[in-house]
Every structure is written in structure tokens, then in C-alpha cells.
Amino acid sequence: MNFTELSRFRQSVRKYKSQPVPKEKIEHCVEAARIAPSACNSQPWSFIIVDEPALKEKVAKETYSTLVSFNKFTLQAPAIVVLVVEKPKIIAQIGGRIKSKDYYLFDVGIAAEHFCLQAAEEGLGTCMLGWFNEKAIMKLLNIPKSRSIGLLITIGYSDEENIREKKRKSFKDIIYYNEYKG
């Protein structure tokens with residue numbers, strides 16, 4: 001698959017087969033994320049692969065509640081990847097303060113997308129989650145209070161039959177040359 005085909009193939013999967021994912025495939029995804037670019041080469045990330053079934057279920061249960069149930073599909077995923085935000089290099093922190101930008105958030109997003117694209121290449125489905133009980137998951141996984149969780153990624157073999165049509169803005173509605181015309 002070329003890159004554009006891979007980008008079209010990759011989708012957020014919310015229905016998984018119970019088949020476990022080989023560690024080697026997950027490690028290929030982590031390697032793809034590891035080599036992602038980051039501000040000042042800070043690499044402000046680490047990855048916790050939660051694949052032990054009882055612990056994975058506890059983490060999954062912290063992604064939804066009775067009021068917010070849209071993440072219940074996490075219980076089906078054979079593994080959940082927790083992307084931990086590490087402290088960026090001091091120069092990236094200073095630059096971020098000067099420019100009022102949290103560069104580490106861009107970095108984590110790039111690394112997460114590298115992870116997900118590699119997963120698609122491996123024949124796996126993923127879904128990035130931003131809605132979760134961070135405090136509870138940090139406690140479950142012994143993540144120090146000096147760190148935070150950037151996002152979670154479910155990973156497994158998709159049990160969805162088709163690649164959904166991507167509903168996106170039209171190309172002409174998002175591109176301008178030399179000035180903003182929106």
C-alpha cells in the first residue's frame with residue numbers, strides 16, 4: 001500500500017475480534033512511534049501496553065461511565081496502549097512558554113498517528129481515545145503524578161467488515177494559497 005492508500009485504509013475501529021495481538025506486531029507499532037519527529041527531539045512519550053486481560057478490563061472500564069457510554073467497545077479490544085507524556089527537553093519547554101504552545105501535545109499526536117498507521121500496515125485496527133479517567137488509570141498502572149496520559153489507543157484485529165467511507169470536508173474547502181480565504 002502506498003501512503004495515501006494506507007491513510008484511507010486506517011480508520012477508528014470500535015469492534016474487535018477476541019484474537020490476541022502478537023507482541024511483535026505491537027512492538028512494530030511502538031517502533032514506528034519511537035521514530036516520530038518531536039520538538040527539539042524531546043521524544044516526550046512512553047508506551048504502556050496493557051494486554052493482561054484482568055488489568056486491561058480495569059483500564060477499559062475507566063474509559064466510560066453510566067452517563068458517557070460511547071467507549072464501552074474498549075472492553076472488546078485485546079490490548080490498550082497508554083501513551084504517557086514524559087517531560088520534554090528544557091529548550092522545548094521554554095519555547096512552548098514563549099510561544100504559548102504545548103509542543104509536547106503535537107509530538108504525542110504525531111507519535112500516536114505513526115503508531116496507528118503502522119498498526120494498519122500490520123493488519124490491525126486502532127482507535128485513539130481522549131475520554132478516560134486519567135487519575136484512576138494512572139493509579140492502576142503506577143504512573144507517577146509527575147507524568148500525565150496523552151491518550152489511549154485500543155488495538156486488535158478489526159471485526160468490522162468494511163472500510164467506512166471517510167466523510168471529510170472537500171479538498172477545495174481546506175486549501176488556500178498565500179492567504180486565508182475561509
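Take each complete run of DSSP H in the chain, measure how far its Cα atoms stretch along the helix's own axis, and keep only those covering 15 Å or more with mean Kyte-Doolittle hydropathy at least -1.0; list them. Don't skip to the answer; put the middle values down first.
Details: long enough: 23-34 (16 Å, -0.93); 103-121 (27 Å, 0.60).
Helices meeting the criterion: 23-34, 103-121.
Give the shape of the range 62-135 as rounded, prolate or oblate, defined through the alpha-carbon gyration tensor: a ≥ b ≥ c are the square roots of its eigenvalues, a/c under 1.5 means rounded, and otherwise the shape is prolate if a/b is larger than b/c and oblate if not.
On the way: a/c = 3.05, a/b = 1.56, b/c = 1.95.
Because a/c hits 1.5 or more and a/b fails to exceed b/c, the range 62-135 counts as oblate.
Charge dipole of the range 18-161 (Cα centre as origin; +1 on each Lys and Arg Cβ, -1 on each Asp and Glu Cβ, all else neutral): 920 debye, rounded to the nearest 20.
Placing unit charges on the Cβ atoms of the charged side chains and taking the dipole of the range 18-161 about its Cα centre, the candidate lying farthest along the positive direction among Phe115, Gln93, Met128 is Gln93. Here the ratio of the Cα radius of gyration of the range 1-81 to 2.2 N^0.38 Å is 1.30.
Among Val59, Val84, a tally of other beta-carbon atoms within 10 Å of each Cβ gives an order, fewest to most, of Val84, Val59.
Between the entries [x] 17.6; [y] 17.0; [z] 18.9, the label attached to Kirkwood radius over Cα pairs in Å calculated for this structure is [x].
Using Cβ counts within 10 Å as a stand-in for footprinting exposure, how do Cys40, Cys116 rank, fewest first?
Values: Cys40 17, Cys116 25.
Fewest to most other Cβ atoms nearby, the residues stand as Cys40, Cys116.
Ordering Arg34, Arg14 by the number of other Cβ atoms within 10 Å of each residue's own Cβ, fewest first, gives Arg34, Arg14.
By the gyration tensor of its Cα atoms, with a ≥ b ≥ c the square roots of the eigenvalues, what is the shape of the range 101-142: rounded for a/c under 1.5, prolate for a/b over b/c, or oblate? In terms of gyration-tensor shape, oblate.
Loop only per DSSP, at most 10 neighbouring Cβ atoms within 10 Å: give me the trypsin sites (Lys or Arg not before Pro) in the range 67-164, ordered by residue number. The partial results should precede the final answer.
Details: sites: Lys72, Lys89, Arg97, Lys99, Lys101, Lys135, Lys139, Lys145, Arg147, Arg164; in loops: Lys89, Lys101, Lys145, Arg147, Arg164.
Counting only loop positions with at most 10 other Cβ atoms within 10 Å, the trypsin sites (Lys or Arg not before Pro) in the range 67-164 are Lys145, Arg164.
If the elastic network links every pair of Cα atoms under 10 Å, which of Ala112, Ala79, Ala39 fluctuates the most in the Gaussian network model of the chain? Among Ala112, Ala79, Ala39, the largest GNM mean-square fluctuation belongs to Ala39.
Taken together, the values in this text are just the output of simple stated rules run on the coordinates, not laboratory data. Since the model is a prediction, treat every value here as computed from it, not as a measurement. As a convention, Cβ positions derive from the backbone with ideal geometry for all residues, glycine included, and neighbour counts pool all protein chains shown.
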